[in-house]
Amino acid sequence: MEVYFDNAATTAVFPEVKNLMIKLMEEDYGNPSSLHMKGVEAERYIKTATSQIAKELKCQEKEIVFTSGGTEANNLAIIGGAMAHRRAGKHIITSEIEHASVSATMDFLVKEGYEVSIVGVDSEGKLKLDELKATLRPDTILVSVMYVNNEIGAIEPIEEIGKIIKEYNQSILFHVDAVQAFGKLRFTPKKLMADLVSISGHKIHGPKGSGVLYIKDKTLIRPILYGGGQQKAMRSGTENVPAIAGMGLAAELMYKNHEAKMEHISNIKNSFIDKVTKLENVFNNSGEAPHIASITFVGIRSEVMLHALEDKGIYVSSGSACSSNKPHISNVLKAIGLDSTKLESTLRFSFSEFNTMEQVDYAVQMIEEILPVFRRYIRK
């Protein structure tokens, strides 16, 4: 049996999305900037996708900018926002559990002369609101906080965060990395009081290389790509029409029968956690997100356990997929206070609507068989 429990890393593309993209690559392959009918047809697909995304975010279509993914959306939001507001100040705030595409961008801005303050989280991975309040300053220009943590599934109190920021100073840009939230939670940028929101296509059964940055109307932000002036000069370059159309359709399909889908995924996750934590020295670190479970197998290195499960046809992750190919200790797990015996022994299991209870039972059975084999070699 093959069991794919790594849906926070990437997802299988919906069949409808695949078929649409093939049609675009084989038949409707025009450049959307061209004036002939092939170009007009391609532009129509972009307009449809824009409408589909805007409908789910309940925002204006002109507030949607397509990118190559969540990483580019985060870079555009943070660098573009910081550069556009540098005269007002150079102080930026983020959290200690952000995705690498945010934390590495912050490192870049520090080298460019900006000051970045990092706010801590509690043992559940939730941002410390009092610390955020104390960190805000007159020269703060941008706050960037993820909605759902990609490693443990903690859901941040984004509405409260947005309220705190805007009550302090309406001019501070609020960026939300919603890559793991879009498609799983129902939200609108307006309700979050967010000026900038990043989302990704390949986390919602859309294609890799597709993403969106929501930019609130009249928000000042500088582009980071220059060229032909596509997308109102905010993101130059010929649009990736198959990926854009695929992402738009994926978003529509993801939110179709949404409540039932999320109930199914939550049941899969909760059943897995309930069964696997009955095993000896297995602990749960998971947050409230419906699709992510963080599980610690005390005494067994995560990479060893990962490959042992792979041999059984079970695919999981030892952390963020963007960095899990390099051995490291997770900043997220350290931030929530896991002790040294657990830091190197934690795996992420993440679920989708395509997973089944049969797969859960198989995975738990295989884990139950694997654990005593490896624990024989643990030093007493």
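The values are calculated or read from the model by the stated rules, or taken from the named source; none is laboratory data. All values reported here derive from a predicted model rather than from experimental measurement. In this analysis, Cβ positions are derived from the backbone assuming ideal geometry, glycine residues included, and neighbour counts consider all displayed protein chains. Side chains are part of the model used for accessible areas, which takes the heavy atoms of the whole protein and leaves out ligands, DNA and RNA. Shrake-Rupley method; radii C 1.70, N 1.55, O 1.52, S 1.80 Å.
From the list K126, K163, the one residue that fits, being charged (D, E, K, R) and within 21 Å of the chain's Cα centre (by Cα), is K126. For region 136-173, the set of residues classified as among the charged types (D, E, K, R) and either under 19 Å from S330 (Cβ atoms) or open to solvent by less than 30 Å² (accessible area, probe 1.4 Å) (or both) consists of E151, E156, K166, listed by residue number. Screening region 329-379 for helices (runs of 4 or more DSSP H) wholly inside it with 1 or more residues that are among the acidic types (D, E) and closer than 30 Å to K256 by Cα returns the ranges 357-375.
Among the residues of region 18-72, those that are part of a loop (DSSP other than H, G, I, E, B), in contact (Cβ under 8 Å) with a residue 40 or more places away in the chain and polar (S, T, N, Q) comprise N31, S33, Q60, S68.
Here Y214 does not qualify as exposed (fewer than 15 other Cβ atoms within 10 Å of the Cβ) and of a type in the set (F, W, Y).
Tell me, which residue of region 11-34 that is open to solvent by 30 Å² or more (accessible area, probe 1.4 Å) and among the polar types (S, T, N, Q) is farthest from I268 (Cα to Cα)? If we take residues in region 11-34 being open to solvent by 30 Å² or more (accessible area, probe 1.4 Å) and among the polar types (S, T, N, Q), then S34 is farthest from I268 (Cα to Cα).
The single residue among I92, I158, I79, I141 that is of a type in the set (V, I, T) and over 17 Å from I221 (Cβ atoms) turns out to be I158.
Out of all the residues in region 229-244, which are more than 20 Å from the chain's Cα centre (by Cα) and either over 22 Å from A73 (Cβ atoms) or in contact (Cβ under 8 Å) with a residue 12 or more places away in the chain (or both)? Result: Q230, Q231, K232, M234, R235, S236, G237, T238, E239, N240, V241, P242.
Being within 12 Å of V143 (Cβ to Cβ) and either small (G, A, S) or assigned to a loop (DSSP other than H, G, I, E, B) (or both) is the filter here, so list the residues in region 90-131 that pass it. Scanning region 90-131 gives S95, E98, S117.
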